[in-house]
């Protein structure tokens, strides 16, 4: 069972799409969000969760005090699950945090999104190529605030994101079994040209 770990909606259970997604485990989310809270990256942040799946990453951020959360999921069945989970989390929190679910391909969403975002999660499907991930990171870059954090989750055997090609730089990475989390941040404008 997937659940919100902490915050205003802590303990709230989340539905998971039947197929096509791989939810981030509670253990990985707990470690990730502990590190993000230590970096003071959640409270008041404008968050975008690309390839949302169940929405667990973005909804965890909402529960822990994000100012707003945009959840982007292309697959109709998964987007329906995300919408249901978002409603459940919003009700459990009992406070108005704007949570928006977008049924859209990531590339389409990024082409029309307004930003700026302070925290971005990308947990793409296994079949997303490295080139497609770089293109998504490149499209995301202009939508980021100057001190934003970008977290990419992929399988352990996947190569690191091509940060520099997208105007970003690596901050850290950490492996959790078969999963690796890479953190990046925007390069200063003068260095990204």
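For the reader, a short list of remarks on this structure follows.
- Among the residues of segment 15-45, those that are at pLDDT 95 or above and farther than 20 Å from residue 181 by Cα comprise 43, 44.
- Qualifying residue in segment 50-59 (condition: farther than 23 Å from residue 172 by Cβ and surrounded by fewer than 16 Cβ atoms within 10 Å (Cβ to Cβ)): no
- Only residues that are in a helix (DSSP H, G or I) and in contact with a helix residue (DSSP H, G or I) (Cβ under 7 Å, 6 or more places away or on another chain) were counted in segment 122-134, giving 1.
- Every pair of residues 6+ apart whose Cβ atoms lie under 9 Å, when the first sits in segment 157-185 and is without any contact (Cβ under 8 Å) to a residue 12 or more places away in the chain while the second is in a loop (DSSP other than H, G, I, E, B): 157/178
- Lone unmet requirement of (1) surrounded by 23 or more Cβ atoms within 10 Å (Cβ to Cβ); (2) modelled with pLDDT of 95 or more for residue 83: (1)
- Inter-residue pairs, beta-carbon under 9 Å, first touching a residue at least 24 places away in the same chain (Cβ under 8 Å) and in segment 92-117, second assigned to a helix (DSSP H, G or I) and surrounded by fewer than 12 Cβ atoms within 10 Å (Cβ to Cβ), 6+ apart: 103/76; 104/112
- Identity of the residue in segment 25-49, surrounded by 15 or more Cβ atoms within 10 Å (Cβ to Cβ) and more than 21 Å from residue 144 (Cβ to Cβ), that ends up nearest to the chain's Cα centre (by Cα): 29
- Output for segment 106-123, where each listed residue is closer than 18 Å to residue 56 by Cα and either surrounded by fewer than 18 Cβ atoms within 10 Å (Cβ to Cβ) or modelled with pLDDT under 90 (or both): none
The values are calculated or read from the model by the stated rules, or taken from the named source; none is laboratory data. In this text the structure is predicted, and so the values were computed from the model without any measurement. Cβ sites come from the backbone with ideal geometry, for glycine too, and all protein chains shown count toward neighbours.
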